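In what follows, a single structure is set out as structure tokens and then discussed.
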Amino acid sequence: IKDPARITIVRAIAGHTGQLLEMGMQVRDDGQLVMIGDQAIVHLEIVVLIPAPRRKQAKKKKKVRTNERTKASMVFQRRLRDLEARRDVHAIVQGMRTHIQDAGVQEKACEVLKNLAMYTNVATRIAGVGGIEQVVAAMAAHPAESNVQEQACGALSILATNNAANTTQIAGVGGMEWMVGPMVARANQAHIGRTGGIEQVLAAMAAHPAKEEVQEAACRAMSCLVYFDAANQAQMAGAEGMELVMAAMVAHPTAVKVQEFACHTLLKLSLHSSVGSRAELVKHIKTAGGVALVQQAMSAVSATEATTKWGLALLADLK
């Protein structure tokens, strides 16, 4: 090869000896590219053996962009506590959208929203700025991250909480605004069901059966989501939700809160299902071994007062 530029190219690919040998070629010490046992080849297209400079440049730019995104995620994560103190739910939700692929951001942001959702006026704003959709999106984006699933389930359960405690004034912690009011909770309950929240909660239970924290948070969320909501009840039943709740009871017999919230979920389904579906639902719980599981939960040494109360009510309703 006479052309100096081509000799330079040949030298640059001298490390590709395996590929050259396969082609029946070799690079001599003088830089000549020759056929083995033959004369030098003058005309040869070898560009394919050399990475294109532009592609190298693109990889470098991609790496820089990745580093920038990582830094931005870390900065936002450090800001979350300040945003929580200011109750700036718009900035929190916007940050979750921007950093949707960062599991650490999603986990911490869901935890912050869970804390803020206990204030009635803030819970309303969380729903208004798309917070419910973003919590559900976080679950969908990180199905294998148990911490994300746990915190997201916790956020959904607080947003959908609707019980007598919600209307009780709690001294020293902000009075009546501390807990989510029933009307706000009912609206959020339906909102979560419409945006795929039940599907994601049940998916979390199925994906992390051995994680007690996920099962507890998910059972609690389901007990809130199915309360007097026929559409959510139908979703849960259609996605084998009762089986997942009872599977959690079997997998975590000594987990006090798993047993408590599982009993509560089954009770709410039994008591508040529509007349047409109630008979089928009760039959389903019985045939799946629900009675024995509830009795076992109640007889455990560590059983809470709530487990006993809800268990007795469920057994009475199943007769």
For the range 187-257: relative contact order, % (alpha-carbon pairs under 8 angstrom, 6 or more apart): 39 percent
Sites residue 295 and residue 144, calculated FRET efficiency, Cβ-Cβ separation with R0 51 Å, nearest 0.05: 0.90
Under Karplus coefficients 6.51, -1.76 and 1.60, residue-wise ³J(HN,Hα) of the range 129-139 in Hz, glycine/proline x: 9, x, x, 5, 4, 6, 5, 5, 5, 4, 5
Residues residue 115 and residue 67, FRET efficiency given R0 of 45 Å [Cβ-Cβ distance, rounded to 0.05]: 0.90
Calculated FRET efficiency for the pair residue 91/residue 230, C-beta based, R₀ 30 Å, to 0.05: 0.25
Estimated vicinal HN-Hα couplings, Hz - the range 113-123 in sequence order (Karplus 6.51, -1.76, 1.60; Gly, Pro = x): 5, 4, 5, 6, 5, 6, 9, 3, 5, 6, 4
Carbon + sulfur, % of accessible area of the range 207-296 - ligands and nucleic acids excluded, 1.4 Å: 58 percent
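The values are calculated or read from the model by the stated rules, or taken from the named source; none is laboratory data. This structure is a prediction, so every number in the text was calculated from the model and none was measured. Don't worry about glycine lacking a Cβ; one is built from the backbone with ideal geometry, like all the others, and counts go over all protein chains shown. Keep in mind that these areas ignore ligands, DNA and RNA; they rest on the heavy atoms of the full protein, side chains included. Shrake-Rupley method; radii C 1.70, N 1.55, O 1.52, S 1.80 Å.
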